[in-house]
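The values are calculated or read from the model by the stated rules, or taken from the named source; none is laboratory data. Since the structure is predicted, the reported quantities are computational estimates derived from the model, not experimental observations. Please note: Cβ atoms are built from the backbone with ideal geometry, for glycine as well, and neighbour counts cover all protein chains shown. To get the accessible areas, we keep the full protein, side chains included, count just its heavy atoms, and leave off ligands, DNA and RNA. Shrake-Rupley method; radii C 1.70, N 1.55, O 1.52, S 1.80 Å.
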Amino acid sequence: MAKQGSVIGGYKIGKLIIEGKTKQVFELPEHPNEVLILSKDRITAGDGAKAHDLEGKAEISTQTNGKIFEILNSVGLKTAFVKSATKTAFIAKKCEMVPIEWVTRRVAFGSFLKRNPGVPEGYRFNPPKQETFFKDDANHDPQWSDEQIVSASFQFYGRTISRDEVDMMKRMSVAVFEVLERAWASRNCALIDMKIEFGVSPQGEIVVADVIDSDSWRLWPSGDKRLMKDKQVYRNLTNVTPADLETIKSNFKWIEEQLAYLAPPSTGLVVVLMGSPSDEEHCTKIANHCEKLGVKCQLRCTSAHKGTQETMQILAEYEGSNMPVVLVAVAGRSNGLGPVLSGNTVLPVINCPPLSPDNIDRDIWSSLNTPSGLGCTTVLYPEAAALAAAQILALNDHIIWSRLRVKAVNNYISLKEADKVIRSKYQ
């Protein structure tokens, strides 16, 4: 393994911070806010009671971890992952680790069944079931309650892990699970359960940290336990042969290869149609909010009153595009654009009139009081139009769905952080 002073991936290695069963963590003297995490060709189970060398595992684990964290970063989750350094090492933000494993379960299996007799294998948790375990190999990582975590009064970089922090990490851990569950479902694989860990950065920010790889979850292709590809295959073995190890490595490699398909480019499109060039500023705001959500957006100018034939031609372009499309109609005064579009297409149509103080009531009414048989909805603000359109596209796009899911979690965390500040002022 690496030693202090050696160079890995162009990074000079400093002091060994910690060494675990399957990885080493090193300081980076030239990058004091980051660390290098180096994987080992080692597989373990039962708190290290079972362990074997497995050539090639370090590379597979590192590549799996990198692809997973790239997905999490891309949808807006706060993580410690920075970038890959080599095939067996990656760079992460320096953190102090919270010594808790956060387990999220969709299906009852494994140790949960032993601790909860009477619950049948395969029982489905809606919402996902959460459990927490204190990291203590000597005592086999005992299960802890929220109250035990709070009562421990852990402190990392000056931040105490209180009820607020526990609530934040619970929300984040479920979001991580649901994002990856949706991603794996796109490959017809069921994510049964998984564990993650959190760290606290020197700035006091809570981030998803450590490693997420095939040691971290149970994954069943087609939802079939007999096809499992995760470390449970290794746990189930009484005697481990070289052939068994090759099978396990092959399973892990299969997972790493599948990850390349979990974040496909979005094919959905939001088309904002304005009734007049004077509405461009309003439409640009909608487009900007779409961009923040990673949703493609196009702006067009057409009038259902003054150029009905041209409006129908533009509509035909998008109906024949073979893309998921949501239309946003931006028209003030007498809004004929939204209703005309809605009456001539099965594509979703959202009205978002550009309101002004002198005619706000009439403009809203023209978008709301539409003829029977039309399904166009009305929102008042550009952000609301972008969010509504993204929610429609998210029905068939798990990456957009994930960005919306994470946006809600980040809003929750921002409010929790603000509440802590306000409470401290008035205690």
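Check region 150-157 and report whether any residue there is in contact (Cβ under 8 Å) with a residue 40 or more places away in the chain, farther than 16 Å from V103 by Cα and open to solvent by less than 60 Å² (accessible area, probe 1.4 Å).
Scanning region 150-157 turns up at least one residue that is in contact (Cβ under 8 Å) with a residue 40 or more places away in the chain, farther than 16 Å from V103 by Cα and open to solvent by less than 60 Å² (accessible area, probe 1.4 Å).
Given N322, N335, which one is surrounded by 23 or more Cβ atoms within 10 Å (Cβ to Cβ), farther than 30 Å from N73 by Cβ and modelled with pLDDT under 95?
N335
Given the structure, is K15 touching a helix residue (DSSP H, G or I) at 6+ places or on another chain (Cβ under 9 Å), over 15 Å from V211 (Cβ atoms) and open to solvent by 60 Å² or more (accessible area, probe 1.4 Å)?
In short, no.
Return a yes/no flag: does region 414-421 have any residue that is outside any helix (DSSP H, G or I), at pLDDT below 95 and out of contact with any helix residue (DSSP H, G or I) (no Cβ under 6 Å at 6 or more places or on another chain).
No: region 414-421 contains no residue that is outside any helix (DSSP H, G or I), at pLDDT below 95 and out of contact with any helix residue (DSSP H, G or I) (no Cβ under 6 Å at 6 or more places or on another chain).
Between V98, V35, which is of a type in the set (V, I, T), open to solvent by less than 40 Å² (accessible area, probe 1.4 Å) and out of contact with any Leu (no Cβ under 7 Å at 6 or more places or on another chain)?
V98
How do the pairs read when you match residues in region 206-231 that are closer than 25 Å to G48 by Cα and without any contact (Cβ under 8 Å) to a residue 40 or more places away in the chain with residues anywhere that are part of a strand (DSSP E or B) and among the charged types (D, E, K, R), using Cβ under 7 Å and keeping only pairs 6 or more apart or on different chains?
Pairs found: S216/K195; W217/D193; M228/R218; D230/R218.
Being closer than 30 Å to R403 by Cα and of a type in the set (D, E, K, R) is the filter here, so list the residues in region 34-90 that pass it.
Correct list: E34, E59, K67, E70, K78, K83, K87.
If a residue must be of a type outside the set (S, T, N, Q), open to solvent by less than 40 Å² (accessible area, probe 1.4 Å) and within 23 Å of N239 (Cα to Cα), how many such residues does region 38-74 contain?
Number satisfying all stated conditions: 9.
In region 347-377, how many residues are in contact with a helix residue (DSSP H, G or I) (Cβ under 8 Å, 6 or more places away or on another chain), surrounded by fewer than 22 Cβ atoms within 10 Å (Cβ to Cβ) and either among the β-branched types (V, I, T) or more than 15 Å from L273 (Cβ to Cβ) (or both)?
Summing the residues that are in contact with a helix residue (DSSP H, G or I) (Cβ under 8 Å, 6 or more places away or on another chain), surrounded by fewer than 22 Cβ atoms within 10 Å (Cβ to Cβ) and either among the β-branched types (V, I, T) or more than 15 Å from L273 (Cβ to Cβ) (or both) in region 347-377 gives 8.
Looking at P142, P128, which is the one that is open to solvent by less than 80 Å² (accessible area, probe 1.4 Å) and over 26 Å from the mean Cα position of the chain (by Cα)?
Just a single option satisfies the conditions, and that option is P142.
Among the residues that make up region 101-113, is at least one of them more than 23 Å from V233 (Cα to Cα), in contact with a strand residue (DSSP E or B) (Cβ under 8 Å, 6 or more places away or on another chain) and open to solvent by less than 20 Å² (accessible area, probe 1.4 Å)?
Scanning region 101-113, I find no residue that is more than 23 Å from V233 (Cα to Cα), in contact with a strand residue (DSSP E or B) (Cβ under 8 Å, 6 or more places away or on another chain) and open to solvent by less than 20 Å² (accessible area, probe 1.4 Å), so the answer is no.
Taking only region 200-241 into account, find how many residues are part of a helix (DSSP H, G or I) and within 19 Å of F133 (Cβ to Cβ).
So the count comes out to 2.
Quick one: what pairs do we get from region 1-18, first residue of a type in the set (S, T, N, Q), second open to solvent by 100 Å² or more (accessible area, probe 1.4 Å), C-beta under 6 Å, 6+ apart or different chains?
Q4/K15
Specify the residue that is farthest from the chain's Cα centre (by Cα); the eligible residues are those in region 226-240 that are closer than 15 Å to W184 by Cα and open to solvent by 40 Å² or more (accessible area, probe 1.4 Å).
L227
Inspect region 281-288 for any residue being surrounded by fewer than 13 Cβ atoms within 10 Å (Cβ to Cβ) and among the β-branched types (V, I, T) and give the result as yes or no.
No: region 281-288 contains no residue that is surrounded by fewer than 13 Cβ atoms within 10 Å (Cβ to Cβ) and among the β-branched types (V, I, T).
Which fully enclosed helices (runs of 4 or more DSSP H) of region 255-359 have 2 or more residues being over 20 Å from L380 (Cα atoms)?
Output list reads 308-319.
Looking for whichever is in a strand (DSSP E or B) and at pLDDT 95 or above here; the options are E197, E181. Which one fits?
E197
Looking at L237, L191, which is the one that is under 24 Å from F112 (Cα atoms), of a type in the set (A, V, I, L, M, F, W, C) and in contact with a Phe, Trp or Tyr (Cβ under 6 Å, 6 or more places away or on another chain)?
Step by step, each of L237, L191 is checked, and only L191 is under 24 Å from F112 (Cα atoms), of a type in the set (A, V, I, L, M, F, W, C) and in contact with a Phe, Trp or Tyr (Cβ under 6 Å, 6 or more places away or on another chain).
In the list S276, S222, S201, S214, which residue meets the criterion of being closer than 23 Å to V325 by Cα and polar (S, T, N, Q)?
Criteria check complete, one pass: S276.
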